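Below: the structure, in structure tokens.
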Amino acid sequence: MGRPRKNNSLDISVSSGKKAKGLEGLGGIIAETDPLWDLILTRLARISRVYGFKPVETPLLEEHQLYQNVYRTAPQKLERLLTLDTPVKPAVVRESLLPSVLRVYSENKVYEQKPMSKWQFQGFTARAEMGTKALVGDYNFGFEIFGTFNHLSEAQTIGAVWQLVLSLGLSEAVIEINNIGNAECQRVYGESLADFLSARKYDLCDSCNEHLVGRPINVFRCRNLGCQAVVSEAPTILDFLDEISHKQFTNILEALDELGIPYQLNPSYVGPEYHSKTNFVIKHKLKGQTVVLGEGGYHDDLMDAVCHKNFCCFGFSGSLSVLYEILKSQGLEVEDARRNDVFLVPLGELAAKRALRLFKDLTNEKISVYDHFGEGGVKNQLKQAQDTKTPVALIMGQKEAMDEMVILRDVKSGMQEIISYDKIIEEVKKRLGR
């Protein structure tokens with residue numbers, strides 16, 4: 001008997017098991033087929049680089065204790081966490097990136113290596129909808145600065161976020177900014193606010209009445225129209241700032257003016273729990289409703305809650321998912337954000353092998369290349385080069401591969417010439433104006 005023939009064909013037989021599907025509420029991002037996502041991620045990466053923010057990644061899972069620290073004043077929020085039993089310790093799926101980012105900074109003692117750090121972060125988060133079994137997914141992003149910095153670095157961080165928003169054409173976005181002072185300012189103001197609201201407690205919702213014995217300024221975050229009417233008459237926290245907080249706020253506003261960043265002073269805006277001093281929010285309209293793109297401020301108190309460390313940190317945390325929905329609702333037509341310099345057209349097996357070397361030589365010179373090493377006629381590939389607005393096509397057939405030659409084609413005009421392989425890189429650079 002002869003040796004059995006080797007079968008290289010792909011087995012596409014149907015499994016007896018059920019088809020795997022993504023979990024409802026937890027979507028994915030495919031930049032290749034969704035140019036809007038490609039645009040957002042490309043702009044975010046570029047602006048982060050231009051403003052000097054270094055990328056940082058955090059694990060999907062965190063120790064349950066981290067969120068117990070974060071929600072020690074609101075333990076009911078722990079119910080929305082997705083928990084897992086691991087062989088080591090109880091763990092949860094991250095529902096926000098910021099606590100993880102602060103933990104990573106402290107745990108790795110970055111402060112011993114760098115007097116100041118500028119980080120950019122992004123990634124998926126997930127939680128359960130309280131009161132239901134529904135999953136809620138999001139794609140968070142943010143900028144954070146740590147260490148020794150001043151109001152100019154604050155303004156630059158706000159500027160990075162604002163530049164991202166403007167680069168995506170969201171000129172109707174609004175920055176609202178306030179200063180809620182340090183812990184002592186908030187304590188003194190909280191007492192005055194609680195006295196004022198206690199006389200109107202029957203006009204407040206149950207949650208706001210609970211805040212009166214906890215963090216009274218949280219009533220400003222309530223969306224109940226009745227509560228909003230009550231707090232609109234409350235004393236403003238700006239009248240309770242100490243001299244240092246007042247000076248710091250004046251400095252940041254002057255820096256924003258210098259950068260030409262528009263803002264609205266909103267004495268009633270209060271950020272999430274553990275935000276202090278400068279607080280700001282970026283809002284936009286979505287289908288007739290005002291939505292929050294993200295919020296920022298000083299996170300020193302959150303760092304203390306998470307890690308029991310006293311570090312100065314300031315930043316912004318937002319939702320790329322919300323940003324995406326706003327852009328999508330506007331019907332924005334987006335071209336491919338990453339246009340290639342060269343379209344590589346190999347014809348035949350030998351040419352495809354030679355094209356691998358050409359691909360490497362081009363990319364070594366930082367020339368971006370669209371390659372197609374599969375089967376496909378030259379007409380179809382050149383049409384694709386036109387559709388993607390690639391300026392130069394390099395065609396290599398069997399004869400060109402054997403003769404060490406390349407056909408260079410100007411995609412727009414259709415003019416082409418044969419150039420020796422050893423001169424093709426310089427010729428491409430010349431055509432690209434480099």
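What the table shows:
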read-out	value
Complete set of residues in region 264-280 that are in contact with a helix residue (DSSP H, G or I) (Cβ under 6 Å, 6 or more places away or on another chain) and either part of a strand (DSSP E or B) or not polar (S, T, N, Q) (or both)	Pro267, Val270, Tyr274, Ser276, Thr278
Val281 among the β-branched types (Val, Ile, Thr), outside the structural domain of Ile395 (by TED's automatic domain parsing) and crowded, with 17+ Cβ neighbours inside 10 Å	yes
Tally, over region 101-141, of residues that are among the basic types (Lys, Arg) and in contact with a Gly (Cβ under 7 Å, 6 or more places away or on another chain)	2
Positions within region 291-308 being outside any loop (DSSP other than H, G, I, E, B) and either over 20 Å from Phe141 (Cβ atoms) or basic (Lys, Arg) (or both), in sequence order	Asp300, Asp301, Asp304, Ala305, Cys307
Which numbered condition Asn251 fails, given (1) in a helix (DSSP H, G or I); (2) not assigned by TED's automatic domain parsing to the domain that holds Ala160	(2)
Of all residues making up region 298-320, the number that are touching a strand residue (DSSP E or B) at 6+ places or on another chain (Cβ under 9 Å) and touching a residue at least 60 places away in the same chain (Cβ under 8 Å)	14
Region 74-111 - residue that is over 26 Å from Lys133 (Cβ atoms) and of a type outside the set (A, V, I, L, M, F, W, C) and, of those, surrounded by the fewest Cβ atoms within 10 Å (Cβ to Cβ)	Pro87
Answer from Gln381, Gln398 - the residue that is farther than 30 Å from Asn140 by Cα, in contact with a His (Cβ under 7 Å, 6 or more places away or on another chain) and of a type outside the set (Val, Ile, Thr)	Gln381
Residues located in region 247-284, provided they are over 27 Å from Leu102 (Cα atoms) and under 19 Å from the mean Cα position of the chain (by Cα)	His284
Out of Val230, Val292, sole residue that is free of Cβ contacts under 8 Å to residues at least 60 places away in the same chain and touching a Gly at 6+ places or on another chain (Cβ under 9 Å)	Val292
Residue count for region 159-189, restricted to those that are crowded, with 22+ Cβ neighbours inside 10 Å and either among the acidic types (Asp, Glu) or part of a loop (DSSP other than H, G, I, E, B) (or both)	2
Residue within region 349-363 that is of a type in the set (Gly, Ala, Ser), surrounded by fewer than 18 Cβ atoms within 10 Å (Cβ to Cβ) and farther than 30 Å from Asn150 by Cα present	no
Region 51-101, residues that are assigned to a helix (DSSP H, G or I), free of Cβ contacts under 8 Å to residues at least 60 places away in the same chain and either of a type outside the set (Gly, Ala, Ser) or farther than 21 Å from Gly123 by Cα (or both)	His64, Gln65, Tyr67, Gln68, Pro75, Gln76, Lys77, Leu78, Glu79, Arg80, Val101
Test: residue in region 132-155 that is aliphatic (A, V, I, L, M), in a helix (DSSP H, G or I), within 24 Å of the chain's Cα centre (by Cα) and surrounded by 17 or more Cβ atoms within 10 Å (Cβ to Cβ)	yes
Residue list for region 223-234, restricted to those being part of a helix (DSSP H, G or I) and surrounded by 15 or more Cβ atoms within 10 Å (Cβ to Cβ)	Cys227, Val230, Val231
Index of the failed condition, Tyr324 passing every other in (1) closer than 25 Å to Asn150 by Cα; (2) out of contact with any Lys or Arg (no Cβ under 9 Å at 6 or more places or on another chain)	(1)
Elements of type helices (runs of 4 or more DSSP H) contained in region 323-434, each with 1 or more residues being under 33 Å from the mean Cα position of the chain (by Cα) and farther than 30 Å from Val281 by Cβ	349-364, 378-387
Failed criterion for Gly288 (all others in (1) assigned by TED's automatic domain parsing to the domain that holds Leu166; (2) under 24 Å from Leu98 (Cα atoms); (3) surrounded by fewer than 17 Cβ atoms within 10 Å (Cβ to Cβ) hold)	(2)
Positions within region 102-141 being small (Gly, Ala, Ser), closer than 24 Å to Thr83 by Cβ and in contact (Cβ under 8 Å) with a residue 40 or more places away in the chain, in sequence order	Ser106, Gly123, Ala126, Ala128, Ala134, Gly137
Subset tally (residues that are part of a helix (DSSP H, G or I), under 37 Å from the mean Cα position of the chain (by Cα) and of a type outside the set (S, T, N, Q)) for region 195-222	9
Exclusive hit being among the acidic types (Asp, Glu), surrounded by 11 or more Cβ atoms within 10 Å (Cβ to Cβ) and either at pLDDT below 95 or under 22 Å from Tyr274 (Cα atoms) (or both), set Asp34, Asp11	Asp34
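The values are calculated or read from the model by the stated rules, or taken from the named source; none is laboratory data. What you are looking at is a predicted structure, and each value in this text was computed from that prediction instead of being measured. All Cβ positions, glycine included, derive from the backbone under ideal geometry; neighbour counts span all protein chains shown.
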